[in-house]
Amino acid sequence: MLGFLVRHERNKGLSGGQYYEYELDLDPMIVLETRETIEQIPE
């Protein structure tokens, strides 16, 4: 399955800690339109 997020690991040392930053890998409108379409599908 293809994802729509890219995860970057960040390490700022002992005082800053380690964490992840996320960014969209697709156009934001595509993600929002797909989400709306999924919500409209009856179960």
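Give me the one-decimal Kirkwood hydrodynamic radius in Å for the chain, with the sum taken over alpha-carbon pairs. Walk me through the numbers before you get to the answer.
Values: mean 1/r = 0.0780 Å⁻¹.
Across the chain, the inverse of the average 1/r is 12.8 Å.
For residue 29 and residue 9, the FRET efficiency from 1/(1 + (r/R0)^6), where r spans their Cβ atoms and R0 equals 25 Å, is about 0.35. Ranking 22, 34, 5 by Cα position along the charge dipole of the chain, where only Lys, Arg, Asp and Glu carry charges on their C-beta atoms, puts 22 farthest toward the positive end. Around the Cα centre of the chain, unit charges on the Cβ atoms of Lys, Arg, Asp and Glu (plus for the first two, minus for the last two) sum to a dipole of about 380 debye. In degrees between 0 and 90, to the nearest 10, how far off the longest principal axis of the chain does helix 28-40 point, with axes built from Cα atoms? Approximately 50 degrees, to the nearest 10.
Read-outs throughout are calculated quantities, based only on the coordinates presented, and are distinct from any laboratory measurement. What you see is a predicted model, and the numbers here were worked out from it, not measured in a lab. Here Cβ is always computed from backbone atoms with ideal geometry, including for glycine, and neighbour counts include all displayed protein chains.
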